[in-house]
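For reference, the structure discussed in these notes is given below.
The values are calculated or read from the model by the stated rules, or taken from the named source; none is laboratory data. In this text the structure is predicted, and so the values were computed from the model without any measurement. Backbone-built Cβ (ideal geometry, glycine too); neighbour counts: all protein chains shown.
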Amino acid sequence: MGTLSLSRKRLARLAAAAAVAAVAAVGCAAAEKEREVQRLQAQASYEQGIKHLQDKRISLGLVSLQQAITLDPGNATYHNALGVVYLDMRRPVDAQAAFQKAAELNPSNAEAHHNVGLALAEQGKFDQAIAGYRKALAIPTYTTPEIAYNNMGNAYFGQGKYREAEEAYRAALQLNGRLPSALYGLGMALSGQGRPEDAKAALRSARDLDTSSPFAKAAAEALKALGDEPAPPGSTR
C-alpha cells in the first residue's frame with residue numbers, strides 16, 4: 001500500500017507538472033503571436049514612414065519610424081532609416097546614435113557603419129568618421145564602396161590631409177570613374193598640394209561629366225579661380 005500511495009503521488013506531481021508545462025506552452029505561443037503582430041505593425045509603420053518621407057512630410061515620417069522602433073526595437077533597418085532622417089534634419093548627434101544602434105544590432109550592415117561615419121563627419125570628428133568608413137569597407141558585402149572612399153576623401157580633405165584625400169578619391173574613381181563628387185574632390189586635393197595642372201584636368205572632367213550636377217558648377221568656379229577659362233565652343237583641349 002505504501003508503494004501504491006507513493007506511485008499515486010508521483011503521478012499526481014507528473015500530472016501537475018504537465019499541466020504547468022501546457023499552460024507555459026500556451027503562454028509562450030500567445031506571447032510569440034503577440035510579438036509577430038507587433039512586428040507586422042512595425043513593418044506597416046515603417047512603410048508608412050517611408051511614404052511620408054517620399055511625399056516630403058518629414059515630421060510624419062519621423063513619427064512613423066519612431067513608432068516602428070517602439071514596436072520592433074531589434075530591427076536594424078528601422079534605426080538606420082531614422083538616422084538618415086535625423087541627418088537630413090541636421091541633427092547629427094541623434095543620427096549618430098541611431099546609426100550606431102543599427103550597427104550594434106547588425107554588425108554586418110556596412111551601410112550603418114558608413115552612416116556612422118557620415119554623422120561623425122558632420123560633427124567635425126574626422127578621424128572617427130574615417131574609422132567608420134573603414135569598418136564599412138571591411139565588410140565584403142558592401143555594395144557601394146566607392147561612396148565610402150569618396151566620403152573618406154572628404155574627411156581627409158577636411159583635415160587638410162590632401163595627399164590622403166587624393167588617394168581616397170582615386171580609390172573611389174577606380175570603382176566608379178564617373179563619380180562627379182570624387183572627380184571634384186580629387187581636383188581640389190591636387191590643388192591643395194600645389195599641383196594646379198593636374199587639378200585642372202580633374203576639375204575639367206568633373207565640370208564636363210554632368211553639367212546638371214552641383215559639382216559641375218563648383219568645378220567651373222574652382223577652374224576659374226585657378227585661371228582656367230572655359231574653352232570656346234567647338235574647340236578641344
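Quick look at the numbers
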read-out: Residue pairs meeting the criteria (Cβ under 6 Å; at least 6 apart or on separate chains; first without any contact (Cβ under 8 Å) to a residue 60 or more places away in the chain, in region 103-123; second assigned to a helix (DSSP H, G or I) and among the polar types (S, T, N, Q)); value: Ala112/Asn80; Val116/Gln100; Ala119/Gln96; Leu120/Gln128
read-out: Given (1) surrounded by fewer than 19 Cβ atoms within 10 Å (Cβ to Cβ); (2) at pLDDT 95 or above, index of the condition Thr211 fails; value: (2)
read-out: Count of residues meeting criterion [crowded, with 18+ Cβ neighbours inside 10 Å and either not assigned by TED's automatic domain parsing to the domain that holds Gly117 or not polar (S, T, N, Q) (or both)] in region 63-83; value: 11
read-out: Yes/no for Ala110 being among the aliphatic types (A, V, I, L, M) and at pLDDT below 95; value: no
read-out: Test for Asp198: is it modelled with pLDDT of 95 or more, part of a helix (DSSP H, G or I), farther than 21 Å from Tyr162 by Cα and not hydrophobic (A, V, I, L, M, F, W, C); value: no
read-out: Where Ser7 falls short, out of the listed (1) modelled with pLDDT under 70; (2) among the polar types (S, T, N, Q); (3) closer than 25 Å to Lys101 by Cα; value: (3)
